[in-house]
Amino acid sequence: MLKTKHSSLYFVCVLVLLFYSLNGIALSKPKASKGIKFTIGPVLSLYSINKNHAAQANQKASFIAGIKKEWRLDKEHRSFFISGVDYFFHGLNFRSYYFKPDTLKIYDKYFAYDYSLYIHELHLPFQFKYLFKRKDNRIYSSYLQLGYHLRYLLTSDLRVTLNGEKVKYDSPVMSFKNPLISKRVNPFVSVSYGWQKNSIGSVKGNLFVEVNLKYGFSPYSFDKPYAASSLYINGSHLTFLVGFKL
């Protein structure tokens, strides 16, 4: 457990150092802003779970917030590279088994126990953004954005109940079925469509709204003696973001 906590802290430090390193790289200086973006928004998630070991997977309240840096890549003010850090908080309810200590595990598909799971994540995005109308001579511009996001699973909060009564409260370590670098790391890919207000002359802008769809490459799960084995969870996430840029 101590080793896991140290590895988690190390990875978070790496993410922060990467962000500040990227912030110091001047691919091209934006004309009207510093390119620092702040975003926040709710998330609509669609989960699927191993039907042999669980059922009725439904979303809980979820949101995402982030800080990123945007660099202009061309003289036409239409192509940009974006990177930074996102914090993603999401969860789901489902029904499954609960095995008491020293009892035989019988998988009879009678899912009597209610599970409530929240997951905390950090994302390191690498995104390419293309404006349909250049930003230096238009008040409004729409854009398309493609991204690759390294996803790191932090902590989790789990509650197991039976007929509303507490059975187990825990913080299981989440991991990916198909890990990248470590069991807690795997990528997302994303596609976004957005609209932004630009700063042109005396008109102040730099506000934007965005719809983002994320798709992961690997299911994730946790391993505990009381829970069913192979409790793999897949999720796709539709995010509605609002933000501003300095």
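The values are calculated or read from the model by the stated rules, or taken from the named source; none is laboratory data. Quantities reported herein were computed from a predicted structural model and do not represent experimental measurements. Neighbour counts are summed over all protein chains in view; Cβ atoms, including those assigned to glycine, are modelled from backbone coordinates with ideal geometry.
Please go through the range 86-139 and give me each residue that is over 26 Å from LEU162 (Cβ atoms), acidic (Asp, Glu) and modelled with pLDDT of 95 or more, ordered by number.
Hits for the range 86-139 are ASP86, GLU121.
Would you mind stating whether PRO187 is closer than 30 Å to LEU104 by Cβ and either free of Cβ contacts under 8 Å to residues at least 12 places away in the same chain or touching a Lys or Arg at 6+ places or on another chain (Cβ under 9 Å) (or both)?
Considered against the rule, which asks whether it is closer than 30 Å to LEU104 by Cβ and either free of Cβ contacts under 8 Å to residues at least 12 places away in the same chain or touching a Lys or Arg at 6+ places or on another chain (Cβ under 9 Å) (or both), PRO187 comes out as no.
Against the condition under 30 Å from ASN137 (Cβ atoms) and surrounded by fewer than 20 Cβ atoms within 10 Å (Cβ to Cβ), how does VAL189 come out, does it pass?
So VAL189 does not fit the description; no.
Does LYS60 count as charged (D, E, K, R), modelled with pLDDT of 95 or more, buried (at least 18 other Cβ atoms within 10 Å of the Cβ) and in contact with a Gly (Cβ under 6 Å, 6 or more places away or on another chain)?
Taking the combined requirement at face value, the residue does not satisfy it.
Starting from residues that are surrounded by 15 or more Cβ atoms within 10 Å (Cβ to Cβ) and not aliphatic (A, V, I, L, M), keep the ones in the range 158-169 and report whichever is farthest from LYS60 (Cα to Cα).
Looking at residues that are surrounded by 15 or more Cβ atoms within 10 Å (Cβ to Cβ) and not aliphatic (A, V, I, L, M), I get LYS168.
Going by the structure shown, is LYS245 among the basic types (Lys, Arg) and either farther than 30 Å from ILE49 by Cα or loosely packed, with under 15 Cβ neighbours inside 10 Å (or both)?
Yes: the conditions hold for LYS245.
Residues checked against (1) surrounded by 13 or more Cβ atoms within 10 Å (Cβ to Cβ); (2) over 28 Å from the mean Cα position of the chain (by Cα):
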| residue | (1), (2) |
| --- | --- |
| ILE64 | yes, no |
| ARG72 | yes, no |
| PHE80 | yes, no |
| ASP86 | yes, no |
| PHE89 | yes, no |
| PHE94 | yes, no |
| TYR98 | yes, yes |
| PRO101 | no, yes |
| TYR110 | no, yes |
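On the basis of being at pLDDT below 95 and either of a type in the set (A, V, I, L, M, F, W, C) or in contact with an Asp or Glu (Cβ under 8 Å, 6 or more places away or on another chain) (or both), does ILE181 make the cut?
Yes; evaluated as a whole, the condition is true for this residue.
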